[in-house]
Amino acid sequence: MNPCARAFALLAVLALAACAELQRAGPQEDVEFELAGRIAVRYREEAASGNVAWRHSRDSDELLITSPVGSAVARLVRNGTGYVLTTADQREIRAGDAEALTEQALGFRLPVAGLSDWVRARPVAGQPSVVVRDAEGRPASLEQGGWRIEYQEFRADGLPVRLKLSYPGVDLRLAIHDWKASP
């Protein structure tokens, strides 16, 4: 896989759109959150950026990555049977879990299972974590599963809008401009 394709695959696996829309599939009352924003990732010497739209529920996820100009790059779907990553050229990569998918798509495993909690400024329940809080009691940083998440900006309701996620060799930045979270 060439470096640019690998960087875009990393974007699609990690995370979260201009001219593209998420497809409406399944009951919407189960949706825990929807977000849209910009994403940038650096893996070693490779870098890529784009737009992300993500719909998350307890049992499913749909993540759409587009280029900065709005053309589709990748779509990641999680349902009861596992994960499917569909690339811009309609190639599908399937796996039972996110870490196996990253290994197939990128050649190495990334612990991305916690991302749906981390974007909501909370650690994954039942796993060791270190949380440092700011003067207002919000998480300033969170360390869990080898990742360090820095919360750089919040909305008035406490949802983060700018995050930096770091893992050895990987830096990811997420700027969320549209949040729809269930209470």
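Note on S67, S141: ascending count of other Cβ atoms within 10 Å places them as S141, S67, the fewest first. For a test of the definition: using alpha carbon positions, the gyration tensor, and the 1.5 limit on a/c, classify the stretch 54-95 as rounded, prolate or oblate. Verdict is oblate for the stretch 54-95. Spacing of the modelled spin labels on D171 and R94, each 7 Å from Cα toward Cβ, amounts to 3.8 nm.
Computing FRET efficiency as 1/(1 + (r/R0)^6) for K164 and F33, where r is the C-beta to C-beta distance and R0 is 35 Å, gives about 0.95.
Across the stretch 152-161, computed HN-Hα scalar couplings (Karplus, 6.51 cos²θ - 1.76 cosθ + 1.60, θ = phi - 60°) run 9, 7, 10, 7, 4, 7, x, 7, x, 10 Hz from first to last residue, x flagging Gly and Pro. One Cα centroid belongs to the stretch 31-58, the other to the stretch 100-178; the line between them spans 12 Å. Backbone geometry of the stretch 132-147 corresponds, through the Karplus equation with coefficients 6.51, -1.76 and 1.60 at θ = phi - 60°, to 3J(HN,Hα) couplings of 10, 9, 7, 4, 8, x, 7, x, 8, 8, 9, 10, 7, x, x, 9 Hz, x marking Gly and Pro.
Peptide packing for 143-149, 85-91 was compared via the average number of neighbouring C-beta atoms within 10 Å per residue; ordered from the highest value, the list is 143-149, 85-91. Net length available on complete extension from E46 to A113 is 21.8 nm, with 0.36 nm assigned per residue and the Cα-Cα distance removed. Backbone amide hydrogens, once placed in the peptide plane, bring Y83 within less than 5 Å of A95, G96, D97, excluding anything fewer than 5 places away on its chain.
The label-point distance for E153 and Q104, in a model that sets each label 7 Å from Cα toward Cβ, rounds to 3.7 nm.
Ranked by the mean number of other Cβ atoms within 10 Å of their residues, highest first, the peptides 57-66, 43-52 come out as 57-66, 43-52. Whole-Hz Karplus values for the stretch 49-54 come out as 9, x, 10, 9, 10, 9 Hz, taken residue by residue from phi with 6.51 cos²θ - 1.76 cosθ + 1.60 and θ = phi - 60°; glycine and proline positions read x. Placing dummy labels 7 Å off each Cα toward the beta-carbon, the span from S182 to T81 is 2.4 nm.
Sorting the segments 125-131, 169-175 by their residues' average number of neighbouring beta-carbon atoms within 10 angstrom, most packed first, yields 169-175, 125-131.
Read-outs throughout are calculated quantities, based only on the coordinates presented, and are distinct from any laboratory measurement. What you see is a predicted model, and the numbers here were worked out from it, not measured in a lab. Note that each Cβ is placed from the backbone with ideal geometry, even for glycine, and that neighbours are counted across all protein chains shown.
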